[in-house]
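S.K.: Quick one: this structure, given as structure tokens, is what I'll be asking you about.
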Amino acid sequence: MRDVSDADLCLHAYAAWGDAFLDRLAGDFCFVLWDGPRKRLICARDQLGVRSLFHAEVGGAWFVSDSLDWIAAQTAVSRDLDDTWIADFLTVGYSLEPERTVYQNIRRLAPAHALTISGSRAAIRRYWRLDIGDPLYFRDRRQYTEGFVDLMSKSIADRLPAGRVGIAMSGGLDSTTLAACAVNATGDASRVVAECLDFEQFGSARERHFSSLAADRLGIELRHRQGDDLVYDTQWWARSMTTPEPSDLITTAHFDREVACDRAERASVWFYGEGPDNALVFERDEYLSWLAGRRDWRRMAEAGIFYLRTKGLAGWWETLLRYGKRRHSDEGFAGVPPWIEPSLARRLDLERRVADAFRPGGVGAVRTPRHPWRPRAVGGFNDPIWPAVFADYEFEESLGPMILRHPFLDLRVLEFMLSVPTLPWAREKMLLREAMRGWLPDEVLARRKTPHESTLPFGSGLPALPRDGCLDRYLDVSMVSAGNWSGRLRARALAVHVLDHWLKRRRLGGVTSS
């Protein structure tokens, strides 16, 4: 059924299975389906929330769209702002409740949910949950690596355009694995192109070196782009661009549009490497405790022996150093910024709200039982930060004629990564390293994850915040302007300027980036 469109497939699925058709759909989607005979509208969003869908109800009339700007532009829809959304944005940078938008009367359909509207009745239901059972145990270790590559090839094949496909490729393990699997899936290295952002300020990361090694081995075309001047636009506040909701992305949108349009000329679809960092988080203690609780002494002994053998003396020394630093480190500010208007903070109980958000099952997280052996990994994919991340990618798509895809987050691949035994396969992403043995250079496979700590002057050269009262309901402008903030508070102070810019563009009617 290659010639059948995605929309036709949804219609055929609904005709065949009725309301259960959503259980059989996979991919990155949002759609609205009208059932004429039953006179009802079915609106659905994909399981992880890669695509957004918004809705508003006014006097019995419904507005549904994948564009927040479109709904907000309808004269019947109120554009009153949501204080909770804005307080979240000023405090942590994104909404802690996926259903909220910056507008009080416009809602965002949550991931894995469907909205059914029939006459005067409307109902929202969750149709899918991330459900991981016992670990996958294979006798032959090759079944893990071969199974991973097979699923990645299927995921990529389902997302390939007719022509070339692009890889947003650093020199790290995730994106180079993605490139290798894309070459394998296409069977033609000339169809795969890649781009790597180089940062002189991160010289120790040596992205150019590692990405070049991988591209040479795979035989793909690689372009390097200097990135230091692209991470902050010192004139962003003077430009006419805006985002659908207040977003720190506005500080780079001018540059991002140039990059997006340039990339679109090379390939219509670009793959990003989101997924393995979260799915293969190393949860050693939880896994061993689960095995002990089941009295599975054989697998517990095998896992322990493997861990002791592979970690080695160097690994244990690094662990001791890390724990020593943690004991004497200053975790820094992690609460509500001091300039938030006190009455707003009290009304929303903001201190508790933010504290709850960073523990399992907190505000906005899907209430699911703690997973017995992969609690952080499984719980992490229910975190409200994911819809915010995907919204950022959707904005990036709007800047140029291209589509972004995330093959690691294909449900088949994601569930496989979450189901492999933590020991050994999640330690330093051993699943990927072993699967790519012989595909990628040994130097790339041996590379450790390198964190980037920016030293760029974010927020420099900004104009003074206005004293026109527009921000007073949310914060103390004088406190933001007077402080010489650093670290996390500097980023949150920048968010105040971002909100002010968005409010100004909104009053002027807004000029969208697309």
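S.K.: Mind telling me which of the residues W70, W62, W85 ends up being within 20 Å of the chain's Cα centre (by Cα) and aromatic (F, W, Y)? Break it down stepwise before answering.
M.R.: On the way: W70 fails: within 20 Å of the chain's Cα centre (by Cα); W62 fails: within 20 Å of the chain's Cα centre (by Cα).
Within the list W70, W62, W85, the selection yields W85.
S.K.: For region 1-68, please list each of the strands (runs of 3 or more DSSP E) lying entirely inside it that holds at least 2 residues being outside the structural domain of P111 (by TED's automatic domain parsing) and out of contact with any helix residue (DSSP H, G or I) (no Cβ under 7 Å at 6 or more places or on another chain). Full working, then the answer.
M.R.: Values: elements: 30-35, 40-45, 54-58, 61-65.
Hits in region 1-68: none.
S.K.: Which members of region 119-146 meet the condition of being polar (S, T, N, Q) and at pLDDT below 95?
M.R.: Within region 119-146, the subset polar (S, T, N, Q) is 120, 143, 145.
Within region 119-146, S120 is the sole residue that qualifies.
S.K.: Let me ask you something else. What do you reckon, is D277 in the same structural domain as A377 (by TED's automatic domain parsing), under 28 Å from L411 (Cα atoms) and modelled with pLDDT of 90 or more? Spell out how you get there, then give the answer.
M.R.: On the way: in the same structural domain as A377 (by TED's automatic domain parsing): yes; under 28 Å from L411 (Cα atoms): yes; modelled with pLDDT of 90 or more: yes.
Considered against the rule, which asks whether it is in the same structural domain as A377 (by TED's automatic domain parsing), under 28 Å from L411 (Cα atoms) and modelled with pLDDT of 90 or more, D277 comes out as yes.
S.K.: Which members of region 372-391 meet the condition of being in contact (Cβ under 8 Å) with a residue 40 or more places away in the chain and outside any helix (DSSP H, G or I)?
M.R.: Initial filter on region 372-391 (in contact (Cβ under 8 Å) with a residue 40 or more places away in the chain): 372-378, 380-382, 384-391.
Hits for region 372-391 are P372, W373, R374, F381, N382, P384.
S.K.: In the set W290, W317, which member is out of contact with any helix residue (DSSP H, G or I) (no Cβ under 8 Å at 6 or more places or on another chain), modelled with pLDDT under 90 and of a type in the set (F, W, Y)?
M.R.: Numbers: W290 fails: modelled with pLDDT under 90.
Residue meeting the stated conditions: W317.
S.K.: Condition first: in contact with a Gly (Cβ under 6 Å, 6 or more places away or on another chain), among the aliphatic types (A, V, I, L, M) and outside any helix (DSSP H, G or I). Can you find one or more residues in region 103-123 that meet it? Working first, answer last.
M.R.: The first filter runs over region 103-123 and keeps only residues in contact with a Gly (Cβ under 6 Å, 6 or more places away or on another chain), leaving 111.
Subset that is among the aliphatic types (A, V, I, L, M): none.
No, every residue in region 103-123 fails to be in contact with a Gly (Cβ under 6 Å, 6 or more places away or on another chain), among the aliphatic types (A, V, I, L, M) and outside any helix (DSSP H, G or I).
S.K.: Something else now. With the condition being over 26 Å from the mean Cα position of the chain (by Cα) and touching a residue at least 24 places away in the same chain (Cβ under 8 Å), I'd like the helices (runs of 4 or more DSSP H) fully within region 133-250 carrying at least 3 qualifying residues. Can you show your working first?
M.R.: Details: elements: 142-159, 173-186, 207-218.
In region 133-250, the matching helices (runs of 4 or more DSSP H) lie at 207-218.
S.K.: If I filter region 133-150 down to residues being surrounded by fewer than 20 Cβ atoms within 10 Å (Cβ to Cβ) and of a type in the set (A, V, I, L, M, F, W, C), which single residue comes out as nearest to R294 (Cα to Cα)?
M.R.: Restricting to residues being surrounded by fewer than 20 Cβ atoms within 10 Å (Cβ to Cβ) and of a type in the set (A, V, I, L, M, F, W, C), the top hit is L136.
S.K.: Under 8 Å between Cβ atoms, at least 6 apart or on separate chains: pull out the pairs that start in region 252-274 with a residue that is among the β-branched types (V, I, T) and end on any residue that is in a helix (DSSP H, G or I).
M.R.: If the second residue must be in a helix (DSSP H, G or I), the pairs left are T252/L230; T252/W236; V259/L230; V269/R159.
The values are calculated or read from the model by the stated rules, or taken from the named source; none is laboratory data. Small disclaimer: the values here were computed from a predicted structure and weren't measured. No Cβ is skipped: glycine too gets one built from the backbone with ideal geometry, and neighbour counts run over all protein chains shown.
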